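Only the coordinates and a few stated rules stand behind these numbers; no lab work does. Note that this is a predicted model, so its numbers are computed, not measured. Positions of Cβ are generated from backbone atoms using ideal geometry, with glycine treated the same way; all protein chains shown enter the neighbour counts.
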Amino acid sequence: VYFKVTPTSQGDIGTYSLHTLVIRSINPDQYEPNNTSAAAYNLGTVNSNSQNYNINANFHVTTDNDYYKINLPAGYSYTVNADLLDSYNDNNYTADAHFATSTDGNDWSLNHGSSMPELTLPDGGTVYFRVLPYTDYEIGTYKLQISVARLDGIEPDMYEPNNTVNTSYLLATISEQ
């Protein structure tokens, strides 16, 4: 891009300031469209004792907001921790962002900057995450790291029931030959 600056009248002399705004267009990430809590990208259902998520995403247009959700089966207690890496706290990312959590997709009173205090859900449910840019016209990349741990009710292994001698698990039968 070239800019040619000329005076409005021949012979004018003096100073001027040229301001430019360049906006780089980037492609949407794999989670789009996820711009509302109703369209939140479903990261899945936690079916193990712990699970980690690493979401590398972007704001691809200046009006982009990103929503995600994780389903936690009822009957178990969970703790959820999350950190947001962006241009503020990591040189590998270009967006300046913050995030919030919700358990219903409507009440976003749990706002966070780059890290959230541990969230405990005593009987499962759904956890929503909303990632927003700090300023208008923000385009760039970020990483949302989420860790979920089930606190009780670990699933039985394939050998159950094997809690007594009478219910011991038979590993193999050896034939005589």
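Here each label is just a point 7 Å from Cα along the line to Cβ, and for TYR137 and THR36 those points are 2.8 nm apart. Available extension along the chain between LEU21 and ASP152 is 41.8 nm, counting 0.36 nm per residue and deducting the alpha carbon span. Sites count as exposed loop sites when they are trypsin sites (Lys or Arg not before Pro), lie in a DSSP loop, and have at most 12 other Cβ atoms within 10 angstrom; the longest stretch of the chain without one is 25-177. For the chain, a simple Cβ point-charge model (Lys and Arg +1, Asp and Glu -1, everything else neutral) yields a dipole of about 500 debye relative to the Cα centre. Based on the Cβ-Cβ distance of ASN106 and ASN56, what FRET efficiency does E = 1/(1 + (r/R0)^6) give at R0 = 22 Å, to the nearest 0.05? Working from the Cβ atoms, E equals 0.25. Loop-located chymotrypsin sites (Phe, Trp or Tyr not before Pro) across segment 83-177 with a Cβ neighbour count of 16 or fewer within 10 Å are TYR88, TRP108, TYR134, TYR137, TYR159, TYR169, with loop assigned by DSSP. Each listed q (0.13, 0.14 Å⁻¹) maps to a log10 I(q)/I(0) for segment 20-177 from the Debye sum over equal C-alpha point scatterers, namely -0.65, -0.72. Using C-alpha pairs below 8 Å separated by at least 6 residues, the relative contact order for the chain is 27 percent. Using 0.36 nm per residue and subtracting the Cα-Cα separation, the extra length available between VAL165 and VAL1 on full extension is 50.9 nm. For the pair SER77 and ASN47, the difference between a 0.36 nm per residue extended length and the Cα-Cα distance amounts to 9.5 nm. Our note on the geometry: Cα centres of segment 21-95 and segment 126-173, 17 Å apart. Of the chymotrypsin sites (Phe, Trp or Tyr not before Pro) found in segment 1-40, the ones in coil according to DSSP and having at most 14 other Cβ atoms within 10 Å of their Cβ are TYR2, PHE3, TYR16.
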